[in-house]
Amino acid sequence: MTERLSFDTKPSTAVDPRELSIGLVHLGLGAFHRAHQAVYTELAAAATGETTWGISGVSQRSTTVRDQLAPQDGLYSVLERGLGEPTVRVIASIREMLVAPEGVVERIADPAVSVVTLTVTEKGYRASPDGGLDFNDEGVKVDLASATPRTVVGQLVAGLAARARTGAGPLTLLSCDNLVANGAVLRRLVHEFAEAKPSPGLAEQLESARFPSSMVDRIVPATTDADRADAERLLGCRDEGVVVAEPFRQWVIENDFAAARPAWERAGAILTDDVAPWERVKLRMLNATHSLLAYLGALKGYATIAEAVRDEELFRQALDLMTEDVVPTLDPPADLDLTTYGESVLERFANPALKHRTAQVAMDGSVKLPVRLLGTVRDRLAAGAEPRHAALAVAAWMRYVSTAEAIDDPLADRLRAAVTSAKAGPAGLVDALLGVEQVFAADLRDDTTFRALLTTHLAELSR
């Protein structure tokens, strides 16, 4: 059997992992982080020669990543799939793999750590529909009564409290999830948890902390056996932790840090005073179109996004969503041409080498729709326009959750109950799902234009 990736078998890496000390904690040790922030961090360290930015990566639930990487000395590869032959890069920046809750608070409290980054998906923040902390969430309730936090916000607050006790320096908490104003969202949740569970010095520690916003972009599909085989062929050794990504990557970061940070700009990141214009473009154009293609593609029987976007009808619907509904709601950065950006989005989605599954993109729709599509719906309605294409994407989600054999969603039980209780016909299903208050606020639930669009689209999709 081929030897496994390790210090002994690895091809060259941008940095020597044995020289790296831990200065950064990352919560959410999934494929996206390993294909994105970990790559930027390693390239930044290589560009500057700094050895203080090794990553302590934390899995929130599963031991899978630790089990994959620990026998490989923490090494793994990123397999880039473009239109030509795939390429592979071995990454060495992750120097520790933890599984929550063991050791997480202690590592956040380490004085050598000055930055905590997060990719825990939208549902990992345990937010209520109004954007505050969901104090009815079982995990939040347990953490408020426990000394061993299991939620992300609980871990951050406990880590800040521990830093206050030991006199560790100020901390930057950097969200990298697809949330509008993710830094402000995280700040509010952390402050509300801290107010509910105060401790000596915590208020002062929070006062010195920083919560910059960021926008991340890279398509990272689930790894397949074919990907592992290609990585082994290119590496000459076996990698159980390989992740797959497109060649494109982007990271826009608000330049607001409490203390030292990696020189991510040396690796191609954009440091800016205002992330919001970049974030809105990405969420409303790329992410919203991704969701539309996922739901419509799945309904037409397509297994991957690339298959869906090559369907002439779906391609046109995706393009119309961006050009007719989204673009009028945007005020983009000065050097970003929206027409070119939209074309590049569809080109990236059409990459046949990625095989990004429609079912994977369709996950967690109840938390994705509000940040990807419903803002566009509101803005178009406020302008006196009909958001026909954004409403089509929402109707496709409604059709999807009403027909899928299994729903991978934090509100799966609530959605099933709504579907089951719906009156017959498209209008009945629209009424039932608009009644899910965690997704649709009263303004959209009661808007007759939006309701009529959804009913019309759903009737057409049902046929």
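Can you name the residue in region 139-153 that is outside any loop (DSSP other than H, G, I, E, B) and either without any contact (Cβ under 8 Å) to a residue 24 or more places away in the chain or in contact with a strand residue (DSSP E or B) (Cβ under 6 Å, 6 or more places away or on another chain) (or both) and, of all such residues, is farthest from L283 (Cα to Cα)? Residue satisfying both the conditions and the ranking: A145.
Quick one: is E313 assigned to a helix (DSSP H, G or I), over 22 Å from the mean Cα position of the chain (by Cα) and surrounded by fewer than 17 Cβ atoms within 10 Å (Cβ to Cβ)? So E313 passes the test. Of the candidates A427, A422, A432, A418, the single residue that is crowded, with 19+ Cβ neighbours inside 10 Å, of a type in the set (G, A, S) and touching a Lys or Arg at 6+ places or on another chain (Cβ under 9 Å) is A432.
Within region 188-206, residues that are more than 19 Å from A259 (Cβ to Cβ) and assigned by TED's automatic domain parsing to the domain that holds G154 have Cβ atoms under 8 Å from residues that are part of a helix (DSSP H, G or I) and of a type in the set (S, T, Y) in these pairs: L189/Y125, counting only partners at least 6 apart in sequence or on another chain. Which of the residues that make up region 229-260 are within 23 Å of the chain's Cα centre (by Cα), crowded, with 20+ Cβ neighbours inside 10 Å and not acidic (D, E)? Answer for region 229-260, where residues must be within 23 Å of the chain's Cα centre (by Cα), crowded, with 20+ Cβ neighbours inside 10 Å and not acidic (D, E): G241, V242, V243, V244, A245, R249, W251, V252, I253. All conditions but one from (1) at pLDDT 95 or above; (2) touching a strand residue (DSSP E or B) at 6+ places or on another chain (Cβ under 9 Å) apply to Q205; the one that does not is (2). When H191 is tested against (1) touching a helix residue (DSSP H, G or I) at 6+ places or on another chain (Cβ under 8 Å); (2) surrounded by fewer than 20 Cβ atoms within 10 Å (Cβ to Cβ); (3) outside any helix (DSSP H, G or I), only condition (3) is not met. Region 369-441 holds helices (runs of 4 or more DSSP H) entirely within its bounds, and those carrying 1 or more residues that are touching an Asp or Glu at 6+ places or on another chain (Cβ under 7 Å) and not aliphatic (A, V, I, L, M) map to 375-382, 388-403. Take the conditions (1) within 30 Å of E42 (Cβ to Cβ); (2) buried (at least 24 other Cβ atoms within 10 Å of the Cβ); L321 misses just one of them, which is (1). All of P387, P332 fail the test of being in contact (Cβ under 8 Å) with a residue 24 or more places away in the chain and within 23 Å of the chain's Cα centre (by Cα), apart from P332. Examine region 2-21 for a residue that is free of Cβ contacts under 8 Å to residues at least 24 places away in the same chain, out of contact with any Ser or Thr (no Cβ under 8 Å at 6 or more places or on another chain) and closer than 18 Å to L235 by Cα, and state whether such a residue exists. The answer is yes, given that some residue of region 2-21 is free of Cβ contacts under 8 Å to residues at least 24 places away in the same chain, out of contact with any Ser or Thr (no Cβ under 8 Å at 6 or more places or on another chain) and closer than 18 Å to L235 by Cα. Taking E232 as the residue in question, decide whether it is in contact with a helix residue (DSSP H, G or I) (Cβ under 8 Å, 6 or more places away or on another chain) and touching a residue at least 24 places away in the same chain (Cβ under 8 Å). Judged against the criteria, E232 is not a match.
The values are calculated or read from the model by the stated rules, or taken from the named source; none is laboratory data. The model shown is predicted, which means the values in this text are computed figures rather than measured ones. Heads up, the Cβs are rebuilt from the backbone with ideal geometry, glycines too, and the neighbour counts pull from every protein chain shown.
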